[in-house]
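Trainee: First the structure, then my questions, so here it is.
The values are calculated or read from the model by the stated rules, or taken from the named source; none is laboratory data. Not measured: the values here are computed from a predicted model. In this analysis, Cβ positions are derived from the backbone assuming ideal geometry, glycine residues included, and neighbour counts consider all displayed protein chains. For the accessible areas, the whole protein counts, side chains as well, though only heavy atoms, and no ligand, DNA or RNA atoms are used. Shrake-Rupley method; radii C 1.70, N 1.55, O 1.52, S 1.80 Å.
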Amino acid sequence: MYAIVDIAGKQFKVTQDQFIYAPALDGEEGASVEFDNVLLVDNDGKVNVGTPTVKGAKVTAKILSHLKDDKVIVFKKKRRKGYKKKNGHRQALTKILIETIK
């Protein structure tokens, strides 16, 4: 059984007992969260596609930790103009464990 869920603007294909790194979520470590934006549910070959979401479907998860992604370097340069800019970015992530798909 799997589901496609919209978590903080991104879509994830989730199964039970799976770890996911989602964009930063509000909540403390150890807290339980529910996601109602379930776009598709596959229950042993029976596919239920939502319009736009599946009614009554929920995915519950547990927040394990808040962390940051690897650094991405942004380097801009215009040749022969003496223009160079270097910038870095680390995206805030939340590690969650999918507990149930209903």
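Trainee: Are any of the residues in region 57-74 out of contact with any strand residue (DSSP E or B) (no Cβ under 7 Å at 6 or more places or on another chain) and charged (D, E, K, R)?
Mentor: Within region 57-74, the subset out of contact with any strand residue (DSSP E or B) (no Cβ under 7 Å at 6 or more places or on another chain) is 70.
Then drop every residue that is not charged (D, E, K, R), which leaves 70.
Taking every residue of region 57-74 in turn, at least one turns out to be out of contact with any strand residue (DSSP E or B) (no Cβ under 7 Å at 6 or more places or on another chain) and charged (D, E, K, R).
Trainee: Looking at region 1-29, which of the residues that are acidic (Asp, Glu) and open to solvent by 70 Å² or more (accessible area, probe 1.4 Å) is nearest to Ile98 (Cα to Cα)? Quick ask: steps written out before the conclusion?
Mentor: Keep residues of region 1-29 that are acidic (Asp, Glu), which gives 6, 17, 26, 28-29.
Okay, now just the ones that are also open to solvent by 70 Å² or more (accessible area, probe 1.4 Å), so 17, 26, 28-29.
Numbers: Asp17: 5, Asp26: 16, Glu28: 16, Glu29: 14 Å.
Ranking the qualifying residues of region 1-29, first place goes to Asp17.
Trainee: Still on this model: Give me the residue from region 75-91 that is out of contact with any strand residue (DSSP E or B) (no Cβ under 6 Å at 6 or more places or on another chain) and open to solvent by less than 100 Å² (accessible area, probe 1.4 Å) and, out of that set, nearest to Leu25 (Cα to Cα).
Mentor: Taking region 75-91 as the starting set, the residues that turn out to be out of contact with any strand residue (DSSP E or B) (no Cβ under 6 Å at 6 or more places or on another chain) are 78-83, 91.
Checking the rest, the ones that are also open to solvent by less than 100 Å² (accessible area, probe 1.4 Å) come to 82-83, 91.
Values: Gly82: 41, Tyr83: 37, Gln91: 12 Å.
Checked region 75-91; the qualifying residue nearest to Leu25 (Cα to Cα) is Gln91.
Trainee: Given the criteria polar (S, T, N, Q), touching a residue at least 24 places away in the same chain (Cβ under 8 Å), open to solvent by less than 80 Å² (accessible area, probe 1.4 Å) and in contact with a Lys or Arg (Cβ under 6 Å, 6 or more places away or on another chain), does Ser32 qualify? Give the steps one after another, and end with the answer.
Mentor: Details: polar (S, T, N, Q): yes; touching a residue at least 24 places away in the same chain (Cβ under 8 Å): yes; open to solvent by less than 80 Å² (accessible area, probe 1.4 Å): no; in contact with a Lys or Arg (Cβ under 6 Å, 6 or more places away or on another chain): yes.
No, not satisfied.
Trainee: Here's a check for you: in region 58-102, which residue that is within 17 Å of Glu34 (Cβ to Cβ) and among the aliphatic types (A, V, I, L, M) is farthest from the chain's Cα centre (by Cα)?
Mentor: If we take residues in region 58-102 being within 17 Å of Glu34 (Cβ to Cβ) and among the aliphatic types (A, V, I, L, M), then Ile101 is farthest from the chain's Cα centre (by Cα).
Trainee: Considering only residues of region 44-54 that are in contact with a strand residue (DSSP E or B) (Cβ under 9 Å, 6 or more places away or on another chain) and open to solvent by 90 Å² or more (accessible area, probe 1.4 Å), which is nearest to Leu25 (Cα to Cα)?
Mentor: Quick first cut of region 44-54, residues in contact with a strand residue (DSSP E or B) (Cβ under 9 Å, 6 or more places away or on another chain) only: 47-50, 52-54.
Then drop every residue that is not open to solvent by 90 Å² or more (accessible area, probe 1.4 Å), which leaves 49, 52.
Details: Val49: 26, Pro52: 23 Å.
It comes out as Pro52.
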